[in-house]
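Notes follow the structure.
The values are calculated or read from the model by the stated rules, or taken from the named source; none is laboratory data. Not measured: the values here are computed from a predicted model. Note: ideal-geometry Cβ built from the backbone for every residue, glycine included; neighbour counts use all protein chains shown. Ligands, DNA and RNA are excluded from the accessible area calculation, which covers all protein heavy atoms including side chains. Shrake-Rupley method; radii C 1.70, N 1.55, O 1.52, S 1.80 Å.
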Protein chains: 4
Amino acid sequence: MAAGYIGKQRWVIAEGYIPPDNTEIKDPTLRSHETACMLNAGDIDANVVLTVFFVDREPAGPYRVIVPARRTVHLRLDKLTEPEAIPRATPYASLIEADVPIVVQHTRLDSRQDALALMSTIAFGAD
Amino acid sequence: MAAGYIGKQRWVIAEGYIPPDNTEIKDPTLRSHETACMLNAGDIDANVVLTVFFVDREPAGPYRVIVPARRTVHLRLDKLTEPEAIPRATPYASLIEADVPIVVQHTRLDSRQDALALMSTIAFGAD
Amino acid sequence: MAAGYIGKQRWVIAEGYIPPDNTEIKDPTLRSHETACMLNAGDIDANVVLTVFFVDREPAGPYRVIVPARRTVHLRLDKLTEPEAIPRATPYASLIEADVPIVVQHTRLDSRQDALALMSTIAFGAD
Amino acid sequence: MAAGYIGKQRWVIAEGYIPPDNTEIKDPTLRSHETACMLNAGDIDANVVLTVFFVDREPAGPYRVIVPARRTVHLRLDKLTEPEAIPRATPYASLIEADVPIVVQHTRLDSRQDALALMSTIAFGAD
C-alpha cells in the first residue's frame, strides 16, 4: 500500500465544453457535466493550479485545488466558482499544474438528449 | 507469434465510478460496469497488484490478479471482493502494478438510462 | 497565469469519420460532427498545418489554421473548405503540424440515431 | 504535403470486444463493430502484423495487412477471416506490429440497444 509518486506535474485537457444545464433531470449525477479526475498516489498533498483557456479572451484562473496524499479528487469543472465560473456551452481548454506528480483523466457526461453520452480520455502529461 | 514484452509496470486509471446496479436489465453484459483490460504479451505470467484510492478514506487493497503469459484479462472492477468490494456510485481511482510489462485500458459501460453509454481510454503508464 | 509552452509539434488523429449530415436536427450543436481541439498555452501564435489522409487517394491539404497565443481552437473538421471539404461518411486520418508546441484532442459527436454518442481521445503526439 | 514518418512500430489495444451482431439494423455502418484505425504518413508501404490474444487460449494470428504509403486503413476487426475470425462477445486484445512507424487508434460502435454508443482511444505505442 506504500504507493510512491506516479504521474506528471503538468497536464492539458484540450477539449472542454460543458453542455447547457438540464435541471429538469431529477438525478443530479445524470445532468451534463465535466470532470477532471486527479490521483495523488504519493505521501504529500498536491497543490494544484488550473488555468482555463478560451477561444476569444484571456485565460481565467488560477483555480486552486488540493489533492490530498493518497486520495483522488474528481473535480467538477462545471462547479468551479473562484475566481469565476466556466461558462456553459462555450469551448475551453485546461492547463493543470501540480507541485508533485499526479495523474489526470478527463470525462464528460452529456445528457442533452434522452440517453446520456459519455467520453473520457487520459489528459496530455508533460514534465 | 513470438511476441515479447510490451508495456509498462505501473499504470493509473484516475477516473473510476461504478454506476448504481441495474439488475432489472436481463442481459448481464448490458448492466453498468467498469473494466480494467490488461494484456500480457510476454512469456511469463504477470503478478498484478491493484490499489484503489478514494476521496475521503485510506486506499483499499492490495487486490491480487494474475495475467497469464500470452493472455488478456478484462478485470471487472465491480466484481472485486477481496479484500473488499469497491462501493458503487463512489468516485475512485486505481493504481495497477505488475512485475513484468503489461498494457492497461479502462472502459465503462453506463446503462443507467435507456440507451447504454460507453467510454474508454488507455491508462497512464509509467516505468 | 504565465503559462509556458506545453505539448508537441506533430500530432496524429488516426480515426476520422464525419457521419452523414442530419440537418433535421434543429440545434446545430447536436448534429454529427468532428472536432480537433487544440490548445496553445504559450505566448506566440501557433501556425498549424493539417494534412488529411484517405484510404484510396493522395492526401488533401494543407489546411492552415492559427491557434493564437493563450487560446484554444476547437476546429470543426466537418467545416473545412480550403483547399477542399473532407467528404462525409468517408474514413480519413489527420496529421497536425505546428511551429510551436500545442496539445490536440479529438472528439466526435454522432447523432445518427435518436440519442447522441460521444467519443474523445488525446491524439498521438511526437517531437 | 511531404509528411515523413510519425508513430511507433508496436501498438497494443488492450480492450477488445465485438458485440453480438445485429443484422436487423439495415444500415451496416450502424451495426456493432470494432475498428483499428492506422495511419501511415510516410512514403513506404507498411507491412502490419496483428496478433490477437484471448483469456483462455493461445493467441491467434498472424493477421497481415498492408497500410500503403500516405494512406489510412480503418481495419474492421469484426471482418477478419484469415487465419480465423475473432469470435463475437468474447474479450480479446491486439498487438499490432509494423515495419515502419504508424499510428493506431481503437474505436468501438455498440448498437445493442436502441441508441448507439461509441468509444475511442489512442492505442499504447512502444518502440
If amide H atoms are built 1.01 Å from N in the plane of the peptide, which residues on other chains or at least 5 residues away come under 5 Å of the amide H of D:Ile6? D:Ala41, D:Gly42
Using a label point 7 Å beyond Cα on the Cα-Cβ vector, give me the inter-copy distances for A:Ile66 in nanometres, one decimal, shortest first. 4.4, 4.4, 6.2
Between copies, how far does the label point of C:Ala85 sit from its twins, in nm, shortest first, when each point is 7 Å from Cα along Cα→Cβ? 3.7, 3.8, 5.3
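Quick check on my link table: of D:Lys8/D:Lys79; A:Lys8/A:Lys79; D:Lys26/D:Lys79; A:Lys26/D:Lys26, which ones sit more than 28 Å apart, alpha carbon to alpha carbon?
Beyond 28 Å: A:Lys26/D:Lys26.
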Counting only residues 5 or more apart in sequence or on a different chain, those whose built amide H sits under 5 Å from that of B:Ala69 are B:Asp45, B:Ala46
Per-residue Cβ counts within 10 Å, from other chains only, averaged over A:65-76: what number is that? 4
Where Lys and Arg each count +1 and Asp and Glu each count -1, what net charge lies around C:Arg76 among other residues with Cβ under 14 Å from its Cβ? -1
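If you take each beta carbon of peptide B:11-24 and count the beta carbons of other chains within 10 angstrom, what is the mean?
If you average over the peptide's residues, the count of other-chain Cβ atoms is 5.
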Axis-proximal residue, chain D, for the rotation superposing D on C (Cβ, Å): D:Ala115, 2
Note down the nm distance, to one decimal, between modelled labels 7 Å out along Cα→Cβ at A:Asp21 and at A:Thr90. 1.5
Report the relative contact order of chain C, percent, no decimals, based on alpha-carbon pairs under 8 angstrom and at least 6 residues apart. 40
Along the charge dipole of chain C, which of C:Gln9, C:Ala123, C:Val73 sits closest to the positive end, that is, farthest toward it, with unit charges on the beta carbon of Lys, Arg, Asp and Glu (+1, +1, -1, -1)? C:Val73
Expected vector for the stretch C:78-83, Karplus 3J(HN,Hα) from phi with 6.51, -1.76, 1.60 and θ = phi - 60°, integer Hz, x for Gly and Pro, equals 6, 10, 5, 10, 10, x
Per residue of the stretch D:60-65, what does 6.51 cos²θ - 1.76 cosθ + 1.60 with θ = phi - 60° give for ³J(HN,Hα)? Whole Hz please, x for Gly and Pro, Karplus curve as stated. 9, x, x, 9, 10, 9
Quantify, in whole percent, the carbon and sulfur part of the accessible surface of chain B (1.4 Å probe; protein heavy atoms only). 52
Distances from D:Asp114 to the same position in the other copies: list them in nm, one decimal, shortest first, using label points 7 Å from Cα along Cα→Cβ. 0.3, 0.3, 0.4
Tell me which residues come under 5 Å, amide H to amide H, from B:Ile86 once H is placed; ignore anything under 5 positions away on its chain. B:Leu80
Kirkwood Rh and Cα-based Rg: tell me the resulting Rg over Rh for the protein assembly as shown, rounded to two decimals. 0.93
For the stretch C:24-119 the GluC sites (Glu not before Pro) that pass both the DSSP coil test and the at-most-16 other-Cβ-within-10 Å test are C:Glu24, C:Glu84
Working from the alpha-carbon coordinates of the stretch C:9-127, get Rg over Rh, Rh being the Kirkwood radius. 0.97
Average Cα contact separation per residue, the stretch D:1-74, under 8 Å, 6 or more apart, as relative contact order %: 30
The stretch D:42-57 and the stretch C:72-124: distance between their alpha carbon centers, rounded to Å: 26
Relative contact order for the stretch B:42-83, counting Cα pairs under 8 Å that sit 6 or more residues apart, in percent: 41
Ignoring solvent entirely, what values of log10 I(q)/I(0) come out of the Debye formula for the stretch D:1-78 at 0.18, 0.23 Å⁻¹ when each Cα is a single scatterer? -0.88, -1.13
If you add up the charges near D:Asp114, with Lys and Arg at +1 and Asp and Glu at -1, over every other residue whose beta carbon is less than 13 angstrom from its beta carbon, what do you get? -3
